1. For region 220-239, which positions are under 20 Å from Asn143 (Cα atoms) and either more than 24 Å from the chain's Cα centre (by Cα) or acidic (Asp, Glu) (or both)?
2. With respect to Leu87, is the statement that it is modelled with pLDDT of 95 or more, assigned to a loop (DSSP other than H, G, I, E, B) and surrounded by 12 or more Cβ atoms within 10 Å (Cβ to Cβ) true?
3. Of everything in region 210-225, what is assigned to a strand (DSSP E or B) and within 16 Å of Asp135 (Cβ to Cβ)? Give them in sequence order.
4. Just wondering, is there one or more residues in region 214-235 that are surrounded by fewer than 14 Cβ atoms within 10 Å (Cβ to Cβ) and within 28 Å of Val26 (Cα to Cα)?
5. State the number of residues belonging to region 112-162 that are of a type in the set (Phe, Trp, Tyr), assigned to a loop (DSSP other than H, G, I, E, B) and more than 30 Å from Ala59 (Cβ to Cβ).
6. Restricting attention to region 208-227, which residues are among the β-branched types (Val, Ile, Thr), more than 19 Å from Gly193 (Cα to Cα) and touching a strand residue (DSSP E or B) at 6+ places or on another chain (Cβ under 7 Å)?
Amino acid sequence: MSILRGEASSENGLNVYFESPTGAEVVLGPETTEFTITVGRNQADEALSIPLKVDNPHADLIDIPTQVDFAQGESSKSITVKVSSGLKMFETYPVHLSIDAQYTQAYLQSEVYPRLSLQVIKEDYVPYADGKFSDYLTSPDENPMETDQVMEYSAILDMYRLKSCWGTGTGSIVFSWDGENKVSLESPSIPTGYAIPEYGSFTASLVEDATYDQTSQTFTFPLEFIAGDVTTGACDETYTITSLK
């Protein structure tokens, strides 16, 4: 009987890893030409060069080093990724990096890993206002949970954004606003990125027109949250501006 085996991990206890989360979004400004990735190691007693495996379908636009060089005593090293001006605004470019198994401890219980998947995107959103987001979806009871939230603005799109407003790194309310009462969501259906094991991931659907009240400086987004056959019913998610940037 033959036994299939994966790549052998480091025999000398060496563990090299990416210090960023396994999956990460890299958001760049319109004029940004580079960003960094940090690689760490658990043994720094000698100089060491580590090859990187790079899966990059956009090599003509994103130049990723294929090696990281540690000096003696250096346990953390940043490498610079160059990006071309040819990257299209608001288009996502996925790239993947990994470290060869001979430089890792495959079965080590850890919060850092030898793999890194990046979603590279250029955008011109900038902070527009500070405020309070009042949310029913993630609240532990029937009362809305209030969190600090920055409202952003894109001059290119002429749109506003409450990014990752459900606290999961994804799921944003994107909308146009005439500065007075008229508010229009970019999409009537929003993947929130928020999930509960027994129900799955929730999608927010607009059930009435969004509004803005000038007196209270409050946006109201009447949303229904749906996961499979489960629905929350209509909920008024609100955002109140406390100060302009």
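1. Residues satisfying the conditions are Thr220, Pro222, Glu224, Val230, Thr231, Thr232, Gly233, Ala234, Cys235, Asp236, Glu237.
2. On the way: modelled with pLDDT of 95 or more: yes; assigned to a loop (DSSP other than H, G, I, E, B): yes; surrounded by 12 or more Cβ atoms within 10 Å (Cβ to Cβ): yes.
The answer is yes for Leu87.
3. To start, the set of residues in region 210-225 that are assigned to a strand (DSSP E or B) comprises 211-213, 218-225.
Selection gives Thr218, Phe219, Thr220, Phe221, Pro222, Leu223, Glu224, Phe225.
4. No, there is no match, as no residue in region 214-235 is surrounded by fewer than 14 Cβ atoms within 10 Å (Cβ to Cβ) and within 28 Å of Val26 (Cα to Cα).
5. Here is the first cut: in region 112-162, the residues of a type in the set (Phe, Trp, Tyr) are 113, 125, 128, 133, 136, 153, 160.
Checking which are assigned to a loop (DSSP other than H, G, I, E, B) leaves us with 125, 136.
Add one more test, that the residue is more than 30 Å from Ala59 (Cβ to Cβ), and what stays is 136.
Here the count works out to 1.
6. Within region 208-227, Thr211, Thr218, Thr220 qualify.
The values are calculated or read from the model by the stated rules, or taken from the named source; none is laboratory data. As the structure is a computational prediction, the values presented were derived from the model and not from experiment. A quick note on method: Cβ atoms are made from the backbone with ideal geometry, for glycine too, and the neighbour counts reach across all protein chains shown.
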